[in-house]
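Participant: Quick one: the structure is below, questions incoming.
None of the figures in this text is laboratory data; all of them are computed from the coordinates on show. A quick note: this is a predicted structure, and the numbers were derived from the prediction, not measured. Here the Cβ is made from the backbone with ideal geometry for all residues, glycine too, and neighbour counts use every protein chain on show.
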Amino acid sequence: MKLILSLLLLAALITPAAAQNNYEIAAIPKDLLPYASAVVRKMDERTEVKSLDNTVYHLKVAITILNDNGDDHAEIVVPYDKSNRIRYIKGVVYDEFGKPVTKFTDRNFSDESYADGFSLFTDNRLKHFRATSISYPFTIEYEVETTSKQSLNLGNWHPNPYTGTAVQSSTCQFVCKPDFNLHYKELNYPGKVAISTDASGMKVYTWSVSNLKAIRSEPYSPDYERYKTLVKFAPEKFYYEGYNGSYTNWNELGKWQYENLLRSRMALPTETEAYIKRLTDTIKTPKDKAKAIYEYMQHKTRYISVQVGIGGFQPFLAADVDRLSYGDCKALVNYTQALLKVANIESYYCIVQAGSHKKSLLTDFASMEQGNHIILCLPFKSDTTWLECTSQRIPFGFLGDFTDDRWVLACTPSGGKLMHTPRYTAEQNRQVCIANLTLKETGEIDGSMNTTFEGTQYENRNDDDRDDTERVKKLKEIYAINNLEIETLNYKRDKKTEPVNQENIRLNARDYASLSSGKYFVTVNLANRMRRPPREVRNRTTDVYINRGYTDIDEITYNVPAGLKMESRPLLVSITKPFGKFTATAVLNEKNQLVYKRKLQMIDGHYPKESYQELVDFFQAVVDADDYSAILAKAN
């Protein structure tokens, strides 16, 4: 991960002059070296709110890069825009003996657009520099100071967000006037905040840690906030982009956003309102009306990220989206709200931390920086329906694995409401494959394979934008069957609230079964094999976390030539663990059918770290069973 200096994270603390620092490699405590590719020698951050529209951030950091695995720490990126200015950047590169080699300033940084590859336009920019040295190890020390015309986003203190990095010393100070009420949330902080008053009468909060050992990357780890040190900050009163406000909880923050950023954005052209009324007047139920409106929005608009002005928090006007037919997540949710309002359907603009890895807003601590995406909630009397407004093909009422099972903030006229998005269970997240194949005497197979995808697995074949040639090419990569030829392929999508995607294939594969000495060697698991278990980890430090449960079911019938018997040992596996279940069988029946059945179910949740080896062994058993080959020979 790059060491990206977010404007929300920069802070300041004056440190001794370079000549007084000892950056010799030999000065690093030996117990910090195991698993480390870099060591933060000293990181001092300071945030000072001089007034609600004047916040100063200052950072001074020295980090030793031990080998090429730590090279990303040599890359320095400082974003800025019209409201967040860089005062200065300066730094020094030291060799392994702590001797200065080169100096750099902001003149050595490139100045680039903060383009992300999908934003239509953005007014964010960044300064970028990569420090280098002729040999390892080397140390980079640099200092950055920025100013911001706001006090809403105060960032977090995260002394060690990276794996493979140790921390010798890290300190965070927050400085403000006595009447500035700072709210903070400490997560896994080993000490207690020190609060004092400096010579000028400013209130000073100080957090510090030292000698944090490097954390390894461990498979199936939980979210880092469960085990790493983190302090979140939030103001009680603030100024942001022309808006003043205050909050102490989610209700007040949601109300401020509704009143100031959302309420006046939903006006639509008269002709659009008239069309929506014609579209829905003959539809009987509110939910069916909402479905028609949602599908109209999907066909009319497309998602494009826009980051200008206060684009990070306020949506474009609904009338502009109606005219342009595009918008970001905020704009498309606001536009859909406006369309629903014409049909007298209530909806909530909801802030969520999106991503395939589930992450909720903290229910006991409100702050503006916790969300990164917007979805829409429809609180019908009979049920609560959720909409993802950035996709042109996702079914009405289905969220998928991007925003499922987490706490979100609904911004309503009466204030913010914490709500929970639907959880898709292991039983709901199903992939079911049924195949009927003929094994020919040459070893070739042909027949049909039908697979259904449900729950969060619905989008496993999310390729509506591909032509048939591209789809076939992609499937050959997924199934990895030697000599696979796909004669026909079609998909049938049932876009109900609990959608189902059906994939139907007519296939053949020459030499699928190996022939030797008159015997057939058949890998019975045709299409859904686990290739390898997660790696071994000794002395694991984190709990085991399965992010999302699922169920895979496979039943493959091979119609084999007459007169064959099964010579290999039978496949008969059944394993049950707290985190999952696995069964696999392969039998040759009296109808000359080799029938293979497999079921793998993983149960989401947190499990003790001591169970990790058991998880590895479980997956190894799956891998072994998936590699099973049936041996068929001529009966005597």
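Participant: For region 19-118, what's the relative contact order in percent, using C-alpha pairs closer than 8 Å and at least 6 residues apart?
Facilitator: Normalised by residue count, the contact order of region 19-118 is 24 percent.
Participant: Enter the Cα centre distance for the pair region 521-566 and region 222-269, rounded to the nearest angstrom.
Facilitator: 46
Participant: Same structure again: Which entries in the list 277/492; 127/213; 300/330; 358/492 go over 20 Å, if you measure between the two C-alpha atoms of each?
Facilitator: Pairs exceeding the cut-off: 277/492; 127/213; 358/492.
Participant: Right, here's the next one. With 10 angstrom as the radius, rank 393, 461, 130 by how many other C-beta atoms surround their C-beta, starting from the fewest.
Facilitator: Starting with the residue having the fewest Cβ neighbours, the order is 393, 130, 461.
Participant: For region 270-331, what Kirkwood radius comes out of the mean inverse Cα-Cα distance, in Å?
Facilitator: After inverting the pairwise mean of 1/r, the radius is 12.9 Å.
Participant: How big is region 369-417 in terms of Cα radius of gyration and Dmax, in angstroms?
Facilitator: Answer for region 369-417, Rg first and Dmax second: 11.6, 33 Å.
Participant: How big is the gap, in Å, between the Cα center of region 137-194 and the Cα center of region 320-357?
Facilitator: The distance from the Cα centre of region 137-194 to that of region 320-357 comes to 34 Å.
Participant: Divide, for region 289-425, the radius of gyration over alpha carbons by 2.2 N^0.38 Å, where N is the residue count.
Facilitator: Relative to the 2.2 N^0.38 Å estimate, region 289-425 comes out at 0.98.
Participant: Which Rg and Dmax, in Å, describe the Cα atoms of region 119-258?
Facilitator: For region 119-258, the Cα radius of gyration and maximum Cα-Cα distance read 18.6, 55 Å.
Participant: If I take the Cα coordinates of region 3-233 and project them onto the principal axes, what are the three extents in Å, biggest first?
Facilitator: Here the Cα extents, ordered largest to smallest, are 48, 43, 42 Å.
Participant: Continuing with the same structure: Over all Cα pairs of region 428-586, how is the pair count split among 5 Å bins, expressed in % and running from 0 up to the last occupied bin?
Facilitator: Calculated over all Cα pairs of region 428-586, the distribution is 2, 7, 14, 18, 17, 15, 12, 8, 5, 2, 0, 0 percent.
Participant: Test of understanding: express the Cα radius of gyration of the chain as a ratio to 2.2 N^0.38 Å, with N the residue count.
Facilitator: 1.15
Participant: Stokes-Einstein diffusion coefficient for region 248-366 at 37 °C in a medium of 0.692 mPa s, Rh from the Kirkwood formula over Cα pairs: what value in µm²/s?
Facilitator: Using the Kirkwood radius from Cα pairs, D works out to 212 µm²/s.
Participant: Continuing with the same structure: Helix 468-479 versus the longest principal axis of the chain: what angle, 0 to 90°, nearest 10, using Cα atoms?
Facilitator: Rounded to the nearest ten degrees, it is 90.
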